[in-house]
1. Please indicate, with yes or no, whether at least one residue in the range 243-262 is modelled with pLDDT of 80 or more and within 30 Å of Leu69 (Cα to Cα).
2. Name the helices (runs of 4 or more DSSP H) wholly within the range 71-186 that hold at least 2 residues that are outside the structural domain of Val267 (by TED's automatic domain parsing), at pLDDT below 85 and polar (S, T, N, Q)?
3. Taking the stated definitions as given, is Gly353 under 29 Å from Gln75 (Cβ atoms), in a helix (DSSP H, G or I), touching a Cys at 6+ places or on another chain (Cβ under 8 Å) and not aromatic (Phe, Trp, Tyr)?
4. Could you please find all residues in the range 350-370 being aromatic (Phe, Trp, Tyr) and out of contact with any helix residue (DSSP H, G or I) (no Cβ under 8 Å at 6 or more places or on another chain)?
5. Every residue in the range 331-347 that is at pLDDT below 85 and of a type outside the set (D, E, K, R), please.
6. Could you check the range 18-43 and list, in sequence order, the residues that are among the hydrophobic types (A, V, I, L, M, F, W, C) and modelled with pLDDT of 90 or more?
7. If I filter the range 271-282 down to residues being modelled with pLDDT under 80 and surrounded by 19 or more Cβ atoms within 10 Å (Cβ to Cβ), which single residue comes out as nearest to Gly151 (Cα to Cα)?
Amino acid sequence: MSGGYRRLFALSGPSFVLVGFLARLPQTMSQIGTLLLVASVTGSFGVGGLCAGALAIANAVGAPIGGALSDRYGQRRVLVVQSIGGALGLASLVLLAGLDVGWGWFVVAAAATGTMIPLIGSLARVRWRELGDRADTDRGRLLETAFAYEGVADEIGFVLGPATVGVLAVIDPRLAMLVAAGTLLVFGLGFALHPTARLTGPGARAFTERAETKVLTPALLFVVAGVACMGAVFGSIQTGTTALATANGMPGLAGVLHGLLGVGSAVAGLLLPWLSPRWGHVLRWRLFTAGLIVLLLPLLVVGTLTTLAVLMIVAGFLVAPILINLFTLSERVAPPARLTTAMMLANAMIGPGYALGAALAGGLADWGGHNPAYAVTVGAAAVGSLIALAGGRTVRAAMRSR
């Protein structure tokens, strides 16, 4: 196990791992940072949430477009533009906070910013694939280890990014956004200029207009829908956790409790390469999603924060394996010439799923508290399991045709 990760990091070099991890933090920092900044200026969490949602949805739209451009021109040129544009967008929100403008300007600026923020995790996975093609080792095993690492890095980022914003926002929400902007500028450009970016140029994977470059195949649509369901799980479980923590008089613990989901997830993600290759990816998808329903069911009756903490850690053990498996499937079914587009599309669907799950759970939480909110979490997991059952055959056939 450790040897697999040692070979992986030796292949890429330590700078790729470090820069790639830090460059992904602004994505997770920007949404909560926008919410806190706008809310502090307007005095309305509703407006802050609207702006954060506009940024998330715009990111879901803009990321696949950036992926398509990366497939055509290579990651380097596209990432340079995204890193600079995204940093300027985050800084523009800070600038607006110092001006006497209507809240509509914040919505527009947040949406424009969202279109520019890159999804570094997807870009890194594409580079690992290219590195795997050039490695003198078991390519399949190496990619499984690489995707497991990326899944864990994403999970840590989803915890560390918002936590960093929370700490800095205590001083000043504008400081939190400026740190996010600086991180994107420095490490986004660092990732863009890293030598591995040369592997993604048009010379490595020539972009063509042939029929085989179609992205939205039935197989990929099933995978993307599965990712969106996981986003809905995240959004609804965070909303339910916030409602329960608030009902217990400790709303500040909501972020910590939600972070426990990432603890179990990160541990399981690191251990995933140990799983026997005989367990095919479609079988894993079906088993993991069915298992997640079972682990989430106790949320329907949970009433104490202590019990919730245990349930969050336990449920986390299937979160990273599901996402890692879904991103692996997106790589396996995507046409090589459109790989970045496909993986960006899959990753980007977490945001809209999150927004939908949070909105549905929020309405139910206002009506009946945390348990109805958690019903959305269980329902999203159930839909994800049904998608795995319905789409497994299509996905398996697409993998065999590659």
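1. So far as the range 243-262 goes, no, none of its residues is modelled with pLDDT of 80 or more and within 30 Å of Leu69 (Cα to Cα).
2. 139-171
3. Against the criterion (under 29 Å from Gln75 (Cβ atoms), in a helix (DSSP H, G or I), touching a Cys at 6+ places or on another chain (Cβ under 8 Å) and not aromatic (Phe, Trp, Tyr)), Gly353 qualifies.
4. Selection gives Trp367 alone.
5. Answer for the range 331-347, where residues must be at pLDDT below 85 and of a type outside the set (D, E, K, R): Ala334, Pro335, Pro336, Ala337, Leu339, Thr340, Thr341, Ala342, Met343, Met344, Asn347.
6. Leu18, Val19, Phe21, Leu22, Ala23, Leu25
7. Ranking the qualifying residues of the range 271-282, first place goes to Leu272.
Rundown of residues vs (1) surrounded by fewer than 24 Cβ atoms within 10 Å (Cβ to Cβ); (2) assigned by TED's automatic domain parsing to the domain that holds Arg400; (3) under 30 Å from Met29 (Cβ atoms); (4) under 20 Å from the mean Cα position of the chain (by Cα), yes/no style:
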{"site": "Ala337", "(1), (2), (3), (4)": "yes, yes, no, no"}
{"site": "Thr341", "(1), (2), (3), (4)": "no, yes, yes, yes"}
{"site": "Asn347", "(1), (2), (3), (4)": "no, yes, yes, yes"}
{"site": "Pro352", "(1), (2), (3), (4)": "yes, yes, yes, yes"}
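The values are calculated or read from the model by the stated rules, or taken from the named source; none is laboratory data. Just so we're clear, the structure is a prediction, and the values are computed from it rather than from any experiment. Here Cβ is always computed from backbone atoms with ideal geometry, including for glycine, and neighbour counts include all displayed protein chains.
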